[in-house]
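Everything below concerns the one structure shown next.
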Amino acid sequence: MAAFDHIQSMNDVALKARLLRSLIKERIPDEKQQLRNPLELSHVVSAIKTHQLISERLLQSDDDNKKLIEKWKSAVDSWIERLLLLASSNMPDKCWAGISLLGVTCEECSSERFLASYSVWFQKLLSHLQPPAESHFVKAACCVTISDLLTRLSGYPNMKKDGTSHAAKLVQPVLKLMQEDSSDAEGAVSLLCTILSFFPSSVQKNYDSAEAAIVTKLMSGKCNANMLKKLALCLSLLPKSRGDEDSWSLMMQKILLAINLLLNDSFQGLEEETTTKEAMRALVPPGKDPPPPLGGLTILDISNKATRPERLFMPSISALLLCCSTMLKTSYPVQINVPVRSLLMLAGRVLMVDGSLPHTLYPIMTAMQQECICAELPLQHSYSLDILCGVVKEARSQLFPHAAHIIRLVTEYFKRCAFPELRIKVYALVKLMLMSMGVGVTMYIAEDIVSNASADLDSVGDLGGESSSGSVLKTSEAVPQPMQKKRKHDMTITSSGNQSQTTSLHNNPAPISVRIAALEALETLLTVGGGASRSGGWRSKVDVLLITVSTDACKGGWAKQETYAYTLPDSKPSWADFQLASLRALLASLLSPGRIRPPYLAEGLELFRRGMRETGTKVADFCAHALLTLEVLIHPRTLPLIDIASSFEYPVNGVNDGFMGNDTYSGAKKHHLYSGGTSRNGPEYPESEEDDLYEKWVNDGDGSNPPVTEQENNMVVEKTSPPAEPLVSIEGPSGSKAPEDKGKGILVEEVDKVSEIPSQTDDRHATDMETEVAAATGGDLEMAAGRSFAAVSGSEGGKELMFALGDDDKLMDEIPDIVDVEPDSDEE
Amino acid sequence: MEDEVVIASSSTEAGIGCWHLRSGAEHLRYRSCASPSHGLVSVAGRFLVSSQLRDSSSGSVLSWSWNKPQIEVKSFPAEAINPLACNSDGTYIVGGGVSGDIYLWEVATGRLLKKWHGHYRAVTCLVFSNDQSLLISGAEDGSVRVWSLLMIFDEERQQRSGHLYEYSFSEHALPVTDIVTGYGGCNAIIISASQDRTCKVWSLARGTLLRNIVFPSMIDAIALDPGEHVFYAGGRDGKIYIAELNAQGTSNNNYGLHIIGTLSDQGKGICSLAFALDGSQLVAGSEDGMVRVWDTKTHNIIRVFKHAKSICFFPNLLVLVSSGPVNNVLVIRQPPALYPRTAANNQGSMARRHVPLPPPLEKYTSIDEHSELNAFITPQPNCDRLYDATYTTVHSMNNQINELQHGSSGASEMEMERLKLDCKRSMQMVEQWKKMYENLHQFCVGELLNGEADDANLTLTS
């Protein structure tokens, strides 16, 4: 080659052939040469990947340089020749290098070349597995390379048959390798996974032996976590090889039975006898034959204390639970039939055991046994939660018949769950449930989510007396005080004036990851059910909580995200993630439609504006998005259908939740929850409703809605002051009771907002908005009024207004709740 | 753009018509169906189900698979069923009986999961809310009720709350004729139409009446614009009224407050309305047996389908029998089974594999406390499989190189193996050299001796 035969640029095809040649010459060992430094190989691989040296793909359509292509082709030929030579070398290091590079070739080479020569490569590789090679390195590399070869092969739909017949040859040697006790097994398991996922039918003949091998390995207690995951995946993919619905169900049934049998032994004395019996009856209904034992291991084998040391029970259970959840996650080509109830029972059974011994019974287990069980329980709980997640995710709408069961389980478990990892999982599960089952679920679990999340997010509550001054949430939430506005005021003062809080936040016992999970759950709750009619009780609480948390999170400046990212591959969530999560939740709280304008809009906007300046971070990206979204809220494009004026049962500043919550959500009065709005007349007086139906209609026709308002007023009375008589609650709220300055403050704020709305501010609209303001304030006042049992004076004013407006039909129609309106004169 | 089909049925036995929306070509006509209003549903695009008017004593619900005109499955519920609804997953079918009972069946097994008394008189319409967790029903007694599926299945909570429904709206004075729900989970609106010539807009979040709109005519069908700025109400006078939702009401027209216009072609009464997926084509089924497609932007009719059945009495005379009112129209994505056989697309060929329809709906429930309620998970077509194939050689190779660099048992074992072999080879080498040396030695000695002898001989001879 001429010394001055230069190439054009780094894109030139000529370069590839030349580069490849020199790689072969200089870096790849041959017959005589030693493999000097294994690091050289990784240089070779990176060169091949960057320059696509063996892809034989032309960038431009340069047909003219046929010669170059030929050159390249011959270079690749010699590359492969060299690799095959290396792979047959009896020096283990050379052999290893050849096999590994062959794997890279399988991934990188052109389709034509691959299809033409893969079977040769396969034979070569197979010869190292059968009989197995001496070196572990060679065996491991061989497994990985074959796995890549099969992966590539699976990309060609018309090669299915060939692939299957090739893969079938592998099954026996792989199963044999798996039984070995060394690191070889790991590679073999991965290979089995690949075979099962791409060419499942090749395992069909060896189905039972494969099942036995997997299960034996799984239960041996000698696998690391990674290996367990792979084994579980193998087991869950195994039914695919038969490819019918029954084999999946059978496998699931076998696993469930095996777990429950093991649990019977392990949890003896920790749970009640009835649970055991019930679980078994649900799995094997009386009169039916139990399925054949899992992996051919009879029940005696599994739970035989003589042959299997007792301490292996718990890890086996965990492994099998993992299989259960993996089976739910894996996709199947046919419709499968998931035994939801058995799975829920199993998860419930595990989750309800916390290792405590029942007091009444004479302890039938030693302290050692208990210790052994408790050590493994968190893992089992975690897997059980995975199972629940899997069920919720897969069954989706079919879960409705079981939803109540799950909800009860989750609310119960939420109380007991203390481990951070587990709490994160519960939050994730709750999130899934909210997403998949919609609004219906929110009213069932909203209270639980909110109370748990606020406990986790309550930055100072857990610290006790450690920093008494910094208790943001304590001041705002601890004792329900009658003066709501004042408390809000307090809060802003403390949060702005106290600098020690940031540090106290960092010392918080609830780890950041848990708090992020809690924030995410709240975000989902607001997204799915924020505006639901029954959200009044928790909604205001969440709004306060979120603005507090995000203000605190972002007070100490913005965390740099990338600082440690490269040092720790699977690093824990950072402070920046927490900031992001809190801002996300805050956005949801601002956007989710509530009864009133979002009370903390200004604070929120300020946070987002500040965050947006941190360009280049995720926080900034999100803040920009948040500001864009909020723009619609600030400048509504259309008039709302929902009249905000009718929202008088919502506390204006939203902090008197304790009061509201206690009243509306106490167990005894539960039905109030479901009787919002018009249905007040539903259950108790079904007849009367029918009677005045016509009058109602007529009334509707001319615009006002007396029935509605009447009912709503009744409701308010019931909610605010149970002992008060309905008579007291005449339409208008009491103007004379106006608490000094706060109402006005709100009024001013609201009016400002009105003027912000650019278009459509004709007279009527303005009236409308003012009405809304007055009513909103009035609602607040009414609460106070209701409690102090004197609310009559406002009524005349209300009526007056009604008459004043009553002559205009159109207007009346738009303000259905007109009777609640308080005359403006009262306010000023 | 995805292909859509219009499906229509009427109250007389004209079958179910099925047309391609864009081309207007008619697909199969599914035979012998006389459906009540709201009695036709497509179960998640998998097959068609319709309740029937005929049997007055006991109900009848029929199903058709897409590629056969004949009835495939017949079910006979305990009473006549009027409206049917199906959730978007296609897991449940809900039917409303003439007695006011509501039935909930599981599609996969046909089991009657729940039955409850919903209304005092016959149920007329059933709709699932946008997030599929609520069911909204309307009845002849004028009431509109909202049910939470969760509550329906949770007996414990039912006992505590005393009633099943979430809301019960009873402002309509006459039978409810149609219900639609809008976008959004809990903040959605419900619009109900009634024979009392009103449409009422309800808030799902608060359970209150938001707006009451009085129309000049009875409204039998409504369709909500996907953007929810207007809704369309089909009247018995043949006009489709356009009522606005989020603008300030003005009554500067002849129709009444909130009504801003009409779509009209002097036809007969409108019995059913449906929007195409693009949100601008409105499909209207009419009393005269026609299905008209309106463009809501231009207010023009862009297509007319004849649902009327043509019956051939004589070999050369085609008699057009006027069909009954088209009281059901649906617009759905074209099911894969309806793609022509010649199409080379994968979609069509996949659907060719005949999937049998699920079993008929049960008459009485067979569910007891021990029966296992399983979930059926249908396989998802995983189109991304080719793209996320992962290759692991490079990763594992780098790991192994790492091990070699830093030394590990595997690496040292390989090293040892190599050294052993090296050693063996060296030994062989040594042996070889020894041998060579030996040979050379012998040779030299021989040479030497021979040479000496020769020399001696030479000297001797010389």
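Things worth noting here:
- Violating pairs (Cα-Cα greater than 31 angstrom) within the set B:Lys114/B:Lys239; A:Lys230/B:Lys424; A:Lys71/A:Lys161; A:Lys32/A:Lys139; A:Lys139/A:Lys425: B:Lys114/B:Lys239; A:Lys230/B:Lys424; A:Lys71/A:Lys161; A:Lys139/A:Lys425
- For peptides A:227-239, A:269-281, B:117-129, sequence by mean Cβ density within 10 Å, most packed first: A:227-239, B:117-129, A:269-281
- Compared with the dominant Cα axis of chain B, that is its longest principal axis, helix B:393-406 is turned about 40°.
- Ordered from longest to shortest, the equivalent ellipsoid semi-axes for segment A:8-120 are 25, 15, 12 Å, each the square root of 5 times a Cα gyration tensor eigenvalue.
- What separates the Cα centres of segment B:132-148 and segment B:205-231 is a distance of 15 Å.
- At R0 = 41 Å, FRET efficiency that the Cβ-Cβ distance of A:Gln52 and B:Ile302 yields, to 0.05: 0.20
- Cα-based shape type of segment A:147-188, given that a ≥ b ≥ c are square roots of the gyration tensor eigenvalues and the cut on a/c is 1.5: oblate
- Put simply, chains A and B cover up around 8900 Å² of each other's accessible surface, both sides summed, when a 1.4 Å probe is used.
- Average beta-carbon neighbours from other chains, 10 Å sphere, peptide A:86-93: 3
- Peptide B:169-175 has a mean shielding of 6, counted as Cβ atoms of other protein chains within 10 Å of each residue's Cβ.
- Overall form of segment A:209-268 per C-alpha gyration tensor (a/c, 1.5; a/b vs b/c): oblate
- Taking all protein chains as they are arranged and a probe of 1.4 Å, the heavy atoms of A:Leu115 leave approximately 60 Å² accessible to solvent.
- Anisotropy class of segment B:10-49 from Cα gyration tensor, a/c 1.5 cut: oblate
- A simple packing score, the average count of other Cβ atoms within 10 Å per residue, orders the peptides B:40-48, A:519-527 as A:519-527, B:40-48, with the highest score first.
- Largest-first principal axis extents, alpha carbons of chain B, Å: 153, 69, 50
- Peptide A:144-152 is shielded by partner chain Cβ atoms: per residue, an average of 4 of them sit within 10 Å of its Cβ.
- Using the Cβ-Cβ distance between B:Arg160 and B:His229 with R0 set to 45 Å, the FRET efficiency from 1/(1 + (r/R0)^6) comes to roughly 0.65.
- Once both labels are positioned 7 Å from their Cα atoms along Cα-to-Cβ, the gap between A:Ser22 and A:Ile69 label points is 2.6 nm.
- Helix-only [θ]222 nm of chain B, DSSP H runs n ≥ 4, -39500 (n - 2.57) each, per residue, nearest 500: -6500 deg cm²/dmol
- GluC sites (Glu not before Pro) within segment A:157-218, DSSP loop, no more than 14 other Cβ atoms inside 10 Å: A:Glu180
- Label positions at A:Leu601 and A:Thr216, each projected 7 Å from the Cα along the C-beta direction, are separated by 7.0 nm.
- Using the 1.4 Å probe convention, the accessible area of segment A:22-138 works out to 47 Å² per residue with neighbouring protein chains retained.
- Length released on extending from A:Thr638 to A:Ala367, taking residue separation times 0.36 nm less the Cα-Cα span: 90.7 nm
- Accessible-area composition of chain B, carbon plus sulfur, in percent [1.4 Å probe]: 54 percent
- Estimated FRET transfer efficiency when R0 is 25 angstrom, pair A:Gln335-B:Gln70 (beta carbons, to 0.05): 0.55
- Accessible area (Å², per residue) of segment B:1-77, counting only protein heavy atoms and a probe of 1.4 Å: 35 Å²
- Placing a label point 7 Å from the Cα of A:Gln34 along the Cα-to-Cβ line, the residues of segment A:63-105 whose backbone N sits under 16 Å from it are A:91-95.
The values are calculated or read from the model by the stated rules, or taken from the named source; none is laboratory data. This is a predicted model, so every value here is computed, not measured. Every residue, glycine as well, gets a Cβ built from its backbone with ideal geometry; the counts of neighbours run over all protein chains shown. In case anyone asks, the SASA skips ligands and DNA or RNA and just uses the protein heavy atoms, side chains included. Shrake-Rupley method; radii C 1.70, N 1.55, O 1.52, S 1.80 Å.
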